[in-house]
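One structure is given here, and the rest of the page talks about it.
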Amino acid sequence: MVERRRRRRLGLFGRIALWTAVAGVLATGIAAFVLYREITTDLPPVDQILHYKPPVTTRIYGDDGTLIGEFYVERRYLVPLDQIPARVRYAFLAAEDADFYRHRGIEPASIVRALFTNVARHQVVQGGSTITQQVVKALLLTPERSYERKLKELVLALRLEAKLSKDDILYLYLNQIYFGAGSYGVAAAAREFFDAGVDDLTIAQAALLAGLPQAPSRYDPQRHPQQAIGRQHYVLQRMREEGLITPEQQAAALAEKLVFAPRRPATYLAAPWYVEHVRRLLEERYGGTAPYQLGLQVYTAVDVKMQKAAEDAVRAGLRELDARQGIRGPIQHIDPKKVDAFVTREGATKPLDPGRARGVVTEVRAGGLSVRTAWEKGVLPASGLTWGTRRLAPTAFRPGDVIAVKVIEEVDGGGARFALDQEPQVEGALVAMDPYTGQVKAMVGGYDFRRSQFNRAVQARRQPGSAFKPLIYASAIEHGYTPASIVLDAPISLPNGNQPPWMPRNYEDKYFGPMPLRYALARSLNTVTVRLVDAIGIKDVIDSLPRFGFQGRLPRNLSIALGSAEVTPLEMVRAYGVFATLGKRFDPIFITRVTDLEGNQLDFGNTRPRFERVMTPATAYVITNMLETVVQRGTGRKAAELRRPVAGKTGTTNDTHDAWFIGFTPDLLAGVWVGFDSDRSLGKQETGGHAAAPIWTAFMKEAVADRPVVDFPVPEGVSFAQVDRASGLRAVVGREAELEVFVKGSEPKRFAPEPPPEAEVEVEVEAPPPAELADPTGGEVPDNAD
């Protein structure tokens, strides 16, 4: 009886326990189902990854294949998995997920280990994520640390493993993961930290890179090399433990000395003005964000060596001009207590020129100044406080003054000896083009791209002054004038509506009377050009100018004769290209080819030479020949230092606000502009021949140094004849004459009159002719003339 009751109670308890267990299981299942529904309700579809195209770096190349710039949101270069060496893949597997090819997307043991760690720390500090989970987190989820996000990550990892192969997931991981220093993916990291391709990485280098994703800032090898090396040792140990490398390979890798590349510039690796202009062209063609995401390969026309010569010439020329203008004093003054912060900021920027820097005066003594730069400390002796012809006393400075200095010599035991320097405020621009192809080979838009990204070569509209005159002379040649035509050079007064008469003047108010057009252009005589426009008619002159390719509006008055139009340096160089190509206008070419990620060529538009006949070859040659005289005997004589055929013209605007020189050899065309961004004079003597021509000449000496000397080709439709200088008529045989060039058919038909018999010639010996009416073809034009 007792036994029966005991069994009945046990049976009851068993049934209760069973139903409790069943209820518990059901409750757990329901709770799990509810939780699963809650977690998966707003999960992003894994299919997104199947079509995911990460933003990839667009790369810009020079004409020789040199990488000169990059555009990106995330610096990334996609690399197929089969192009990533096994040693590199092994390093990442050892560091992040050694069982990657054995699990199904998640590792329960790692998750449990991370759970205990997080509970012990009372916060989420460890994830225990597999490579699959990291891909999911990077591409589909936010980086927040929470249990809900972790559960979503697990579900998505399982789903991703069902959709993609292991190799596909590893490909995504190695191209997506962030390594620090703005680098995404192993290819960008290899280039950033070792300046190497992925296939060139050693085991030691691969192990170091594999250690970075866990904490990119903490293990940054450029800033924290010891921490990075320590992490590398751990990865190498894991590689050996997993049998991915031998003990001998581990020992060799540990012994390898790693050399880290310096921090790379963000976008502009070379030719910054050119690269920035290319970016603008890409945005116009493909849309505003395209250059930063599409991974284009953009091949440009820039000649990297020529570009460097252009940048060097502009900087040197502007420094020389600035030295002529005198010292301006300290750049700024800072609190001596803030010197450390100042030099730290300066140290983050590479000096524009080696040996030049900004420094802070830390002490003033009778013998000179103590100066500290971001790189060294030194002394600026009193003898080094000179600028141009002016010498300053040390008392002109005080501690905290920021000054520009250049290193004269390094002192034994550390330190340096400085001299005073000065950063120019004046700006300049240079454009060089190949007249045979229309390709822009070099472009400089200012003194320092870091100081101002405004590209004066293509964005600044300035008056070209007398550099515009050859375009006027071309119209005159087409209206029957010749280089031998005589036009009066004398003061002129022209009606100006309700305003006082317009009275254009020559440089320094010098006039030469009747003047052959060849020498009027060589001396850049204003009144002759104005008389030409007045005689031809302003309408015909204006109608002849659009063929040169100007984009802006041109003034419809006589001032156009003196270059009152506002144009860019690129437009002026292109205009002179009509002469250099014997009458053809071309579109400037910056980009020669664009390909996508797969190497397919894209349509960009203007990548091939396109020429349009806008002038007869004969007219273009006559102007070119006249421009040679400008260089040989006129205002452009500085360019004659090239010792080869050169045609060119100087230009200077009112009050010397702008100085120009545009010129060309038979195979290279270039132009230089110099001026301030503000409405400010360069100085009375800073004309085109004095401020711009030396920069042009310095550049061209480097650019054509290895090219053969050739003459300008003479086209059909040109003839030559001996002429009398004074009258412009045919020379009488036996008399002094000059060989002149003509458009065939425009040669003078009449002969110069015979001089009167010698006995009847009146000879005045009391006084020489007035200087302003001296021989128009003789003498020398001052170097500083326009």
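The values are calculated or read from the model by the stated rules, or taken from the named source; none is laboratory data. Everything numeric here is computed off the predicted structure, so don't read it as measured data. We place every Cβ from the backbone using ideal geometry, glycine too, and count neighbours over all the protein chains shown. Surface accessibility is based on the protein's heavy atoms, side chains included, excluding ligands, DNA and RNA. Shrake-Rupley method; radii C 1.70, N 1.55, O 1.52, S 1.80 Å.
From the cross-link list Lys441/Lys744; Lys649/Lys684; Lys638/Lys749; Lys584/Lys744; Lys469/Lys584; Lys584/Lys649, which pairs have alpha carbons spaced over 25 Å apart? Write down the numbers at each step before the final one.
Details: Lys441/Lys744 35 Å; Lys649/Lys684 19 Å; Lys638/Lys749 36 Å; Lys584/Lys744 19 Å; Lys469/Lys584 19 Å; Lys584/Lys649 19 Å.
Beyond 25 Å: Lys441/Lys744; Lys638/Lys749.
What number, rounded to the nearest 500 deg cm²/dmol, is the helix-based mean residue ellipticity at 222 nm of the chain, given -39500 (n - 2.57) per DSSP H run of at least four residues and division by all its residues?
On the way: 22 runs with 272 residues, N = 786.
Using -39500 (n - 2.57) per qualifying helix, the result is -11000 deg cm²/dmol.
Quick one: length gained pulling Val73 to Met503 fully straight, 0.36 nm per residue minus the C-alpha distance? Present the calculation step by step, with values, prior to reporting the outcome.
Numbers: separation 430, 0.36 × 430 = 154.80 nm, distance 5.74 nm.
Gain in length upon complete extension: 149.1 nm.
Give me the net charge for the shell around Thr373: Cβ to Cβ below 9 angstrom, other residues only, Lys and Arg +1, Asp and Glu -1. Intermediate results must be reported in sequence, preceding the final value.
Numbers: positive: Arg358, Arg372, Lys377; negative: Glu346, Glu376.
Every neighbour counted, the sum reads +1.
Can you give me the relative contact order of the stretch 570-636 as a percent, contacts being Cα pairs under 8 Å and 6 or more apart? Write down the numbers at each step before the final one.
Details: 74 pairs, mean separation 23.1, N = 67.
For the stretch 570-636, the relative contact order is 34 percent.
Set the Förster radius R0 to 22 Å, insert the Cβ-Cβ distance between His479 and Phe720 as r into 1/(1 + (r/R0)^6), and round the FRET efficiency to 0.05.
Numbers: r = 21 Å, r/R0 = 0.96.
That gives a FRET efficiency of 0.55.
Lys/Arg Cβ at +1, Asp/Glu Cβ at -1, dipole of the chain taken about the Cα centre: which of Gly745, Ser485, Ile472 is farthest positive-ward?
It is Ile472, whose Cα lies furthest towards the positive end.
Across all directions of projection, what mean area in square nanometres is found for the Cα convex hull of the stretch 298-371?
Details: hull surface 32.0 nm².
So the Cα hull casts an average projection of 8.0 nm².
Give, as ranges by residue number, the residues of the stretch 535-570 whose backbone N falls under 15 Å from the point 7 Å along Cα→Cβ of Glu612.
Answer for this model: 544-552.
Using 0.36 nm times the number of residues separating Arg391 and Arg450, minus their current alpha carbon distance, what extension gain do you get?
18.2 nm
Restricting to DSSP loop positions (anything but H, G, I, E, B) with no more than 14 other Cβ atoms inside 10 Å of their own Cβ, which trypsin sites (Lys or Arg not before Pro) remain in the stretch 480-538? Working shown, then result.
On the way: sites: Arg505, Lys510, Arg518, Arg523, Arg531; in loops: Arg505, Lys510, Arg523.
Here the sparse-neighbourhood loop sites are Arg505.
Using +1 on the beta carbon of Lys and Arg, -1 on that of Asp and Glu, and nothing else charged, what's the dipole of the chain about the Cα centre, debye to 20?
Details: 97 positive and 93 negative charges, 1019 e Å.
About 4900 debye.
About the Cα centre of the stretch 304-385, what is the dipole size in debye to 20, counting +1 per Lys and Arg Cβ and -1 per Asp and Glu Cβ, all else neutral?
Details: 15 positive and 10 negative charges, 13 e Å.
Result for the stretch 304-385 is approximately 60 debye, rounded to the nearest 20.
Bin width 5 Å, alpha-carbon pairs only: give the P(r) of the stretch 643-720 as whole percents, running from 0 to the bin holding the largest distance.
Values per bin, smallest distances first: 3, 15, 23, 17, 14, 11, 9, 5, 2, 0.
Quick one: pull the percent of accessible area on the chain belonging to carbon and sulfur, 1.4 Å probe, ligands and nucleic acids left out. Before the final figure, lay out each step's value.
Values: 19750 of 37660 Å².
Carbon and sulfur atoms account for 52 percent of the accessible area of the chain.
Using a basic spin-label model with each label point 7 Å from the Cα along Cα→Cβ, how many nm lie between Gln297 and Val733?
For the pair Gln297/Val733, the computed spacing is 6.9 nm.
Kindly report the accessible area of the stretch 407-554 per residue (heavy atoms of protein chains, probe 1.4 Å, no ligands, DNA or RNA), in Å².
That works out to 38 Å² per residue.
May I ask you to give the solvent-accessible area per residue for the stretch 669-758, in square angstrom, as obtained with a 1.4 angstrom probe?
Numbers: 4860 Å² over 90 residues.
I get 54 Å² per residue for this part.
With a/c under 1.5 counting as rounded, go ahead and sort the stretch 236-375 into rounded, prolate or oblate using the C-alpha gyration tensor (a ≥ b ≥ c being the square roots of the eigenvalues; past the cut-off, prolate if a/b is larger than b/c, else oblate).
Working: a/c = 2.58, a/b = 1.30, b/c = 1.98.
Here the stretch 236-375 falls in the oblate category.
Please report, in debye to the nearest 20, how large the charge dipole of the stretch 148-203 is about its Cα centre when each Lys and Arg carries +1 at its beta carbon and each Asp and Glu carries -1 there. Can you show the working numbers first?
Details: 7 positive and 9 negative charges, 86 e Å.
Roughly 420 debye, rounded to the nearest 20.
What do you get when you divide the Cα radius of gyration of the stretch 520-568 by 2.2 N^0.38 Å, with N the number of residues?
Numbers: Rg = 10.9 Å, N = 49, 2.2 N^0.38 = 9.7 Å.
Rg over 2.2 N^0.38 Å, computed on Cα atoms: 1.13.
How do His657, His224 stack up against each other in accessible area, from largest to smallest, with a 1.4 angstrom probe?
Numbers: His657 35, His224 70 Å².
The residues order as His224, His657, largest area first.
Which FRET efficiency value, to the nearest 0.05, do you get for Ala316 and Asp603 by plugging their Cβ-Cβ distance into 1/(1 + (r/R0)^6) with R0 = 45 Å? Display every interim value, and only then the final one.
On the way: r = 41 Å, r/R0 = 0.90.
Working from the Cβ atoms, E equals 0.65.
What distance in nm separates the simple spin-label points at Ala266 and Arg398, each placed 7 Å from Cα in the Cβ direction?
Roughly 3.6 nm, to one decimal.
Determine the relative contact order of the stretch 685-739: mean sequence separation of Cα pairs under 8 Å and six or more apart, normalised by residue count, in whole percent.
Details: 23 pairs, mean separation 11.7, N = 55.
About 21 percent, as a whole number.
Could you tell me what percent of the DSSP beta bridges with both partners in the chain are antiparallel, to the nearest 5? Intermediate results must be reported in sequence, preceding the final value.
Details: 79 of 88 bridges.
In the chain, approximately 90 percent of DSSP beta bridges are antiparallel ones.
Just to be sure I understand the model, the point goes 7 Å from the Cα along the line to the Cβ. What's the resulting Glu241 to Val710 distance in nm?
Here the answer is 6.9 nm between the modelled labels.
What's the FRET efficiency of Arg750 with Ala490 using the Cβ-Cβ distance as r and R₀ = 30 Å, to the nearest 0.05?
Details: r = 24 Å, r/R0 = 0.81.
The value I calculate is 0.80.
State, as an integer percentage, the relative contact order of the chain based on alpha-carbon contacts under 8 Å between residues 6 or more apart. The partial results should precede the final answer.
Details: 1473 pairs, mean separation 81.7, N = 786.
Relative CO of the chain lands at 10 percent.
Can you tell me the length gained on complete extension of the stretch Arg643 to Gln425, counting 0.36 nm per residue apart and subtracting the Cα distance?
Numbers: separation 218, 0.36 × 218 = 78.48 nm, distance 3.24 nm.
Gain on stretching Arg643 to Gln425: 75.2 nm.
In the stretch 236-307, what trypsin sites (Lys or Arg not before Pro) fall in a loop by DSSP, with at most 11 other Cβ atoms inside 10 Å?
Working: sites: Arg238, Arg240, Lys257, Arg263, Arg279, Arg280, Arg285, Lys305; in loops: Lys257, Arg263.
Loop-located and lightly packed - Lys257.
Considering only the other residues whose Cβ falls under 9 Å of the Cβ of Gly634, what net charge follows from Lys and Arg at +1 and Asp and Glu at -1? Can you show the working numbers first?
Values: positive: Arg523, Arg633, Arg637, Lys649; negative: none.
Overall, the nearby charge balance is +4.
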